[in-house]
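Here the structure is laid out as structure tokens; the discussion comes afterwards.
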Amino acid sequence: MRLVGLTGGIASGKSTVSNLFKDAGVPVVDADIVARDVVRKGTGGWRKIIKTFGNDILLESGEIDRARLGQIVFSDPEKRRLLNRYNLLNSNIFCVHCSPRVPQMQCLPVKVMSILSDMLTIILLAPHISSAIFWETAKLWMKGSKVIVLDIPLLFETKMDRWTHPVIVVWVDPQTQIERLMSRDGCSEEQAHNRINAQLALDWKKSEADIVINNSGSLDDTKEQFQEVLRKVTEPLTWKERLRSRDGLFSVVLCTAVGVLLAQKNFL
């Protein structure tokens with residue numbers, strides 16, 4: 001089995017490449033979706049969040065109100081220090097224009113509150129998320145998938161790059177990244193810079209990658225590069241990768257069983 005790591009930076013176009021893999025029929029485990037599933041009603045992650053923050057963060061349906069959780073995170077100095085400890089929060093990274101007379105928490109949009117909620121979820125529930133990614137991968141392995149893409153925004157930060165090979169980084173030149181972020185989220189140029197600088201440098205990720213997709217151009221340019229990447233990641237598995245596949249494991253077990261039977265027969 002081949003586990004392919006896919007990551008990038010904010011507004012680099014990672015989701016575009018992830019969708020191209022899905023369209024090509026390659027299974028993708030999306031860490032963002034897994035993180036949401038981990039805190040669904042009734043799960044262990046859901047119970048841990050409630051234990052930490054109380055029932056006030058629940059919607060009438062019993063699901064977690066991500067915007068409300070984000071408000072609590074932003075207004076609680078202790079929770080903000082937790083985010084700062086992981087370099088996930090900077091007072092200037094969010095695209096918010098507040099009047100000096102209005103408390104910043106009150107003018108933060110729902111989207112930003114949800115981002116804060118997701119950040120805290122990643123920190124508090126990292127073991128749950130890692131376990132869920134493992135089980136999603138295992139289910140695909142049991143179905144016979146030989147190539148699986150792990151779409152993980154914090155691939156390097158969480159050291160999950162150690163699980164994967166090759167590692168694909170979706171890169172974009174700095175100016176294009178800033179322009180896309182400003183257009184997408186309504187940020188000023190300064191705020192876009194601050195949000196980008198709050199993450200690991202995309203150029204550093206590029207230097208650590210096995211494969212780089214330059215997404216600075218048009219979608220057609222990206223699709224053209226993707227076809228070559230797809231060819232590489234779907235080429236025949238190495239013998240080590242075959243041993244990690246379902247068929248490989250079956251072959252090992254079968255050969256071992258036959259070997260044991262033959263040894264017993266010769267011994268008798």
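Taking the criterion of being aromatic (F, W, Y) and modelled with pLDDT of 85 or more, would at least one residue in the stretch 12-22 satisfy it? Outline the logic, then answer.
Here is the first cut: in the stretch 12-22, the ones aromatic (F, W, Y) are 21.
Applying the additional criterion that residues be modelled with pLDDT of 85 or more yields 21.
Yes, the stretch 12-22 contains at least one residue that is aromatic (F, W, Y) and modelled with pLDDT of 85 or more.
Output the number of residues of the stretch 37-55 satisfying the condition of being closer than 20 Å to S130 by Cβ, among the hydrophobic types (A, V, I, L, M, F, W, C) and either in a helix (DSSP H, G or I) or at pLDDT 85 or above (or both). Result for the stretch 37-55: 3. Annotation for the stretch 127-145: no member residue is outside any loop (DSSP other than H, G, I, E, B) and within 17 Å of L20 (Cβ to Cβ).
Residue-wise test of (1) more than 15 Å from the chain's Cα centre (by Cα); (2) basic (K, R).
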site	(1), (2)
I133	no, no
E136	no, no
D151	no, no
K159	no, yes
T164	no, no
V167	no, no
V172	yes, no
T176	yes, no
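Please find, among Q191, Q177, Q227, the residue that is out of contact with any Cys (no Cβ under 8 Å at 6 or more places or on another chain), outside any strand (DSSP E or B), surrounded by 15 or more Cβ atoms within 10 Å (Cβ to Cβ) and not β-branched (V, I, T).
On the way: Q191 fails: out of contact with any Cys (no Cβ under 8 Å at 6 or more places or on another chain); Q227 fails: surrounded by 15 or more Cβ atoms within 10 Å (Cβ to Cβ).
Result: Q177 is the single residue among Q191, Q177, Q227 that is out of contact with any Cys (no Cβ under 8 Å at 6 or more places or on another chain), outside any strand (DSSP E or B), surrounded by 15 or more Cβ atoms within 10 Å (Cβ to Cβ) and not β-branched (V, I, T).
The values are calculated or read from the model by the stated rules, or taken from the named source; none is laboratory data. Everything quoted here is computed from the prediction, not taken from an experiment. Note that we place each Cβ from the backbone using ideal geometry, even for glycine, and neighbour counts take in every protein chain shown.
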